[in-house]
Structures are given as structure tokens and as C-alpha cells.
Ligand SMILES: [Mg+2]
């Protein structure tokens with residue numbers, strides 16, 4: 001079996017409400033790249049790059065991609081490097097891609113995901129079995145509240161999400177420390193003691209000491225953990241050492257090398273793994289293993305993936321023993337099939353033919369061959385920009 005050809009689509013799906021965080025202004029889901037790879041024996045695999053130019057790692061060392069950069073890198077660098085290779089030669093393929101162009105992990109992730117889909121279909125097994133097997137079939141979903149939401153509206157949305165089964169609320173913060181503390185208190189009062197509440201500051205706190213001070217104040221109301229309060233491993237370590245609740249690295253941990261640095265410096269208690277930041281499932285799986293042996297808990301997050309990327313994330317989230325924190329996944333909705341009104345509802349439609357099952361606040365990992373999804377080409381055409 002050889003990698004033969006590919007097609008690119010640039011897709012935008014309307015959102016339920018605008019979702020932004022401390023370092024973003026553009027809404028999610030606008031111009032994500034869907035990649036279809038075909039093999040010489042006719043197997044098709046799909047990948048996704050959640051292209052967002054404003055998203056990036058510490059100090060600009062890593063960066064999001066626009067749909068245009070993802071497209072160019074795939075066309076000019078990645079596909080020419082791997083055409084004709086066997087999809088099962090995954091380590092060789094990653095080496096080829098890394099030699100063809102430095103960085104651009106989102107484009108590489110799209111290739112990696114599509115090839116895992118192909119491998120699974122070729123051997124009639126779900127992707128999670130290619131990643132070592134499924135530790136859990138149900139992945140708890142954290143419902144994410146945007147940073148510009150009015151406090152009372154955010155509390156109301158969190159209450160509705162919990163009525164629909166959610167047990168973890170992620171509050172985006174980092175722009176206004178007093179607002180974060182107020183919202184934390186109001187959420188705890190409204191949701192009671194059994195719901196996990198965490199804060200993701202997206203590097204927004206002005207210094208490590210202020211992150212410690214305000215994090216400890218929020219922890220009066222049982223803060224599950226504080227995600228990426230500041231920028232850079234040294235500051236993050238300072239917060240981890242001084243704060244009374246756990247700290248999670250997100251922007252500070254993209255690659256396998258970053259995961260080693262997090263462990264080496266003791267910078268964080270948890271790691272937020274993305275399939276995209278790591279450059280695909282193959283590398284993300286390695287990050288999870290490094291974390292496992294360092295006693296670091298993980299979840300799998302992303303940037304509001306459509307059905308293809310969401311499937312990859314579900315396969316990733318089920319395959320690690322230590323990937324046991326709730327993950328921020330969109331609960332897939334299709335036009336005419338409403339799984340929830342509010343909970344995890346980023347989009348009102350999607351590009352797959354059937355939504356992932358949602359039960360008791362969890363998404364169920366699909367167990368068909370490959371990613372276990374059918375892509376709806378009509379919907380891709382409907383939502384395509386180019
Ligand atoms: Mg984050």
C-alpha cells in the first residue's frame with residue numbers, strides 16, 4: 001500500500017456563540033483544513049488541521065497556522081516528501097516530514113491523522129488499537145466558558161451545561177483577575193461541591209507571583225487546577241511551586257522535547273496534550289507516555305475540532321492510563337440532531353454523517369475501523385470556502 005494522492009478542503013461551520021480566550025479575537029471553526037489522502041489501493045483517510053494564526057506556544061517558538069500556510073506546506077513540502085510511502089511506516093514518515101520542513105505541526109498532524117485512519121481501515125481496527133488499546137470507552141467532556149462572557153451569563157450557561165450531564169467547567173480567564181475570582185466564586189455557589197471547576201488563563205496573568213496570589217484566592221472555592229497562567233517554563237514552575245492547587249501546561253508543551261523539558265524543570269503537574277500541537281497522534285502518544293512515567297496527569301484538548309479532528313482526539317484520549325482529566329471536546333451536533341442545547345455545543349452542524357454518542361457528560365469513543373467516522377462530502381461542500 002502506497003500513499004497516492006490527496007485533496008484539501010477549507011471548511012467553516014457557524015458557531016453557537018463566539019468562543020475566544022485571552023490571546024484570541026477570531027472565533028473558532030473558521031477556515032479549518034480537512035485533508036483527504038488516498039492510497040494506490042483505494043483506501044481514503046481523513047485528517048484535520050484546526051488552523052488558527054493567533055494560537056501559539058511560549059514566546060512565539062511555536063505558532064498556529066492559517067489555512068493558507070497549512071495548505072501551502074502540505075502542497076509544497078509534506079506531500080511531495082511522503083508520496084509513495086507505506087502509511088504503516090509512521091516513524092519514517094514523520095522523519096521525512098520533519099526533514100522536509102521545520103515546524104508546521106498542524107499540517108503534519110493532518111497528515112498523521114489521515115494515515116492512522118487509513119491504517120485502521122486497512123486492518124479493520126479502530127485507531128485506538130493502533131495506539132495501544134482503549135483504557136476507557138467514555139471520555140468526560142469539560143464545558144468551556146469564553147473569556148469575554150458576562151459573569152451572570154457564564155454562570156447561567158454552566159448551570160445549563162451541568163443539567164445536561166457535564167461535570168467539569170473550564171473557565172477561560174487571564175484578562176481581568178478580579179473578574180476571574182468573582183466568576184469562580186459564583187460558579188462554585190451555583191454548581192455545588194461536586195463539579196470540577198478549572199481556570200485556563202492562556203498565559204494572561206501579569207506575573208508568576210500574581211498568578212500564585214489570585215490562584216490561591218480562587219482555590220478557596222476549590223479550583224481543580226490552573227492552566228497556563230503565565231508564559232514560559234521558568235515562570236510556570238514558579239507558579240507550580242507556590243500555588244496550593246495543580247498547574248497545567250498547555251502553550252508551554254507542544255512537542256515531545258517540550259514534554260521532556262516540563263518533566264526536567266518540574267514546571268507543571270498536568271499536561272494538556274493536543275493531537276495538533278504535537279504534530280499528530282504518533283507524537284502525542286509519546287508525550288502521554290513521558291508524562292505517565294513522570295507522574296503527570298493529562299487530558300486531550302484542542303481548538304474546537306470538527307468531526308475528523310474530534311475523532312482523532314477521542315482515540316487519543318482513551319489510549320493513555322494517565323489521560324484521565326476531562327477534555328474540552330465539542331459535543332458534535334448535526335443539523336436536525338440535537339444532542340444538547342448548551343453542553344459542549346460549539347457548532348450547530350458538522351461534516352460527519354453521525355455524531356459521537358454522548359452519555360452522562362461523556363463522549364463515547366467510536367469503534368469502527370480507522371477513525372470510526374463517515375465524512376459527509378455534501379456538508380464539506382456546503383461549508384467549504386475554497
Ligand atoms: Mg489551554
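If the condition is being within 15 Å of the ligand (Cβ to nearest atom), in contact with a helix residue (DSSP H, G or I) (Cβ under 6 Å, 6 or more places away or on another chain) and not in a loop (DSSP other than H, G, I, E, B), then region 288-315 contributes 298, 300.
Would you confirm, using the coordinates I've provided, whether residue 321 is surrounded by fewer than 23 Cβ atoms within 10 Å (Cβ to Cβ), under 15 Å from the mean Cα position of the chain (by Cα), more than 16 Å from the ligand (Cβ to nearest atom) and touching a residue at least 60 places away in the same chain (Cβ under 8 Å)? First the steps, then the outcome.
Details: surrounded by fewer than 23 Cβ atoms within 10 Å (Cβ to Cβ): yes; under 15 Å from the mean Cα position of the chain (by Cα): no; more than 16 Å from the ligand (Cβ to nearest atom): yes; touching a residue at least 60 places away in the same chain (Cβ under 8 Å): yes.
When the stated conditions are applied, residue 321 does not pass them.
So that you can scan it fast, the table gives a plain yes or no per residue for (1) in a helix (DSSP H, G or I); (2) more than 15 Å from the ligand (Cβ to nearest atom); (3) surrounded by 16 or more Cβ atoms within 10 Å (Cβ to Cβ); (4) modelled with pLDDT under 95:
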position	(1), (2), (3), (4)
178	yes, yes, no, no
183	yes, yes, yes, no
189	yes, yes, no, no
214	yes, yes, yes, no
236	yes, no, yes, no
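Does region 273-282 include one or more residues that are outside any loop (DSSP other than H, G, I, E, B), away from the ligand (no atom under 15 Å from the Cβ) and free of Cβ contacts under 8 Å to residues at least 12 places away in the same chain?
We begin by selecting, within region 273-282, every residue outside any loop (DSSP other than H, G, I, E, B); these are 273, 281-282.
With the extra rule that they be away from the ligand (no atom under 15 Å from the Cβ), the set shrinks to 281-282.
Now drop any that are not free of Cβ contacts under 8 Å to residues at least 12 places away in the same chain, which leaves none.
Checked region 273-282: no residue is outside any loop (DSSP other than H, G, I, E, B), away from the ligand (no atom under 15 Å from the Cβ) and free of Cβ contacts under 8 Å to residues at least 12 places away in the same chain.
Farther than 18 Å from residue 28 by Cβ, out of contact with any helix residue (DSSP H, G or I) (no Cβ under 8 Å at 6 or more places or on another chain) and crowded, with 24+ Cβ neighbours inside 10 Å: is that true of residue 122 in this structure? No. In region 133-140, the count of residues that are surrounded by 20 or more Cβ atoms within 10 Å (Cβ to Cβ), part of a helix (DSSP H, G or I) and in contact with a helix residue (DSSP H, G or I) (Cβ under 8 Å, 6 or more places away or on another chain) is zero. Residues that are without any contact (Cβ under 8 Å) to a residue 60 or more places away in the chain, part of a loop (DSSP other than H, G, I, E, B) and more than 12 Å from the ligand (Cβ to nearest atom) within region 244-261 comprise 244, 245, 246, listed in sequence order.
For region 191-212, name all the residues that are over 17 Å from residue 141 (Cβ atoms) and within 16 Å of the ligand (Cβ to nearest atom). 199, 201, 202, 203, 204, 205, 211 - these are the residues of region 191-212 that are over 17 Å from residue 141 (Cβ atoms) and within 16 Å of the ligand (Cβ to nearest atom). The set of residues in region 217-234 being more than 14 Å from the ligand (Cβ to nearest atom) and either outside any helix (DSSP H, G or I) or closer than 12 Å to residue 177 by Cβ (or both) consists of 217, 218, 220, 221, 222, 223, 232.
The values are calculated or read from the model by the stated rules, or taken from the named source; none is laboratory data. Because the structure is a prediction, the values reported are computed rather than measured. Every residue, glycine among them, receives a Cβ derived from its backbone with ideal geometry; neighbour counts consider all protein chains shown.
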